[in-house]
1. Assuming a ≥ b ≥ c are the square roots of the Cα gyration tensor eigenvalues, decide whether the chain counts as rounded (a/c under 1.5), prolate (otherwise, with a/b larger than b/c) or oblate.
2. Placing unit charges on C-beta atoms (Lys and Arg positive, Asp and Glu negative, everything else neutral), compute the dipole magnitude of the chain about its Cα centre in debye, rounded to 20.
3. Of all the Cα-Cα pairs you can form in segment 49-128, what percent are over 22 Å apart?
4. Using the per-residue mean of other Cβ atoms lying within 10 Å as a proxy for protection, in what order, highest first, do the peptides 137-146, 294-303 fall?
5. Seen from all sides and averaged, what is the projected area of the convex hull of the Cα atoms in segment 132-290, in nm²?
6. For K2, list the aspartates and glutamates whose Cα falls under 17 Å from its own Cα; do not include residues on the same chain fewer than 8 positions away.
7. Which of P293, I352, N148 sits closest to the plus end of the dipole of the chain, meaning its Cα is farthest towards the positive end, when Lys and Arg get +1 and Asp and Glu get -1 on the C-beta?
8. Sorted by mean Cβ packing within 10 Å, highest first, what order do the peptides 259-268, 328-337 take?
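Each value in this text was obtained by applying a stated rule to the coordinates, not by laboratory testing. Because the structure is a prediction, the values reported are computed rather than measured. Backbone-built Cβ (ideal geometry, glycine too); neighbour counts: all protein chains shown.
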Amino acid sequence: MKTVAELKQDVQAILTGIDINDVEQPEGAFERAVSTFVQKADVPEASGRTSLMLYDRVFNYPTPTTMFGGALTDIRPQGVTRQVWDDVEKVPMNRFDRNKKWRLPSGYMVTFEWNKGVGIMRIAQNKAPQAITLADMDTTDGWTVTANASGLVLDEVNYYEAPASLRFLLTGAGTGELQTDLDNALDMETYEDIGVAFLAIQIPSGQDATLLTSIALRVGSSSANYNEVSVTTGFLGSWVAGEWLLVAFDFANATQTGTPDWSVIDYIECLFTTTGTITNMHVGGLWMALGMPHEALYYSPAVFLVGSTALATITGDNDNILFHDAAYNIYVREAAREVALQEGGEISSGLIAAIDLVLEGDGGRKLGLYQQYRGDNPSEELRQIGNYYYD
């Protein structure tokens with residue numbers, strides 16, 4: 001693979017009249033050229049993959065940080081024979097939301113959303129084992145609030161899942177406790193040490209979400225025998241106010257008190273630690289799921305290899321560039337074009353025109369490198385099916 005140092009030499013050979021050593025921050029131009037290249041041609045080497053665990057009843061997952069926009073190429077199981085009908089369908093947000101709870105007979109349905117710059121990859125599937133419900137939280141029967149928690153009521157207007165949620169007050173700095181003993185014990189031996197519990201919460205709009213410092217979940221066979229997991233963020237990141245979000249508790253990392261018997265789970269307790277008062281705290285469902293390992297494949301601008309890590313930014317002249325000959329031949333010209341554009345002036349305009357002719361052709365007899373490259377490397381990106389008006 002070429003290095004950034006070699007790229008500088010190759011760019012210099014194209015830019016007659018411009019000294020690469022006099023260019024301010026050429027690495028920035030090289031990084032921008034990658035994004036331009038990936039937008040104009042779907043480059044196989046400009047690809048990434050991210051491992052992810054899929055869970056039943058969980059639809060929102062973090063978008064891989066190195067994904068180029070929503071340029072997803074595939075979602076597939078790890079280490080499992082894939083069936084011929086296990087297709088991946090990328091759909092509009094509206095259609096996804098209306099159909100996500102219909103358990104798909106096969107395959108995956110995907111869409112993308114963004115919230116304050118944070119990417120959310122939404123996935124509906126029926127591959128992960130069915131989750132077990134610990135508590136629907138649609139009745140106050142059997143639930144008690146103690147310590148810094150009080151005023152437990154049923155809310156039939158604001159809920160995560162119909163028909164209701166639980167609402168209560170967390171007063172001052174300290175820990176509020178929400179606890180129940182199940183009417184019928186659950187046999188959860190298959191979840192011991194590997195299950196991930198999900199709790200739906202809502203910090204009310206207008207409240208300071210940072211007042212909530214942690215949530216702990218205790219699951220056990222009695223109040224003296226339980227496993228506990230404590231977390232400080234939601235499944236997708238920091239707590240936010242005014243939105244329902246999921247909190248994930250991975251019991252592979254649990255601490256144990258006593259000797260809990262996972263064949264007769266009937267004790268559930270949630271502990272909310274705060275540094276100030278939160279009024280109208282909501283919880284709207286608690287279940288435990290087993291994750292099924294998958295991987296997402298996508299186009300990515302992370303083409304600079306440092307050790308075993310691919311980055312979208314350059315760290316030094318010794319960084320390797322993932323492009324092989326055909327892709328690199330185009331990329332070096334895009335990098336030269338970006339440097340010339342950055343430098344400006346009459347010399348730059350002539351260089352840019354000459355580079356464009358090589359890359360794009362003249363629209364007639366002369367083929368450009370992009371036309372030939374796209375012919376040999378058709379896009380693998382999943383295109384959206386349907387739109388907001390017609391399914």
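1. Working: a/c = 2.65, a/b = 2.24, b/c = 1.18.
Prolate, since a/c reaches 1.5 and a/b exceeds b/c.
2. On the way: 25 positive and 51 negative charges, 167 e Å.
For this selection, approximately 800 debye.
3. On the way: 617 of 3160 pairs.
Looking at segment 49-128, the distances longer than 22 Å represent 20 percent of pairs.
4. Working: 137-146: 15.8, 294-303: 22.5.
Ranking the peptides 137-146, 294-303 by packing returns 294-303, 137-146.
5. Working: hull surface 33.0 nm².
The Cα convex hull of segment 132-290, projected and averaged over all directions, gives 8.2 nm².
6. Leaving aside aspartates and glutamates fewer than 8 places away in the same chain, those within reach of K2 are D10, E27, E31, E45, D317, D319, D325, E334.
7. Most positive-ward Cα: I352.
8. Values: 259-268: 18.3, 328-337: 23.3.
The packing order, highest mean first, is 328-337, 259-268.
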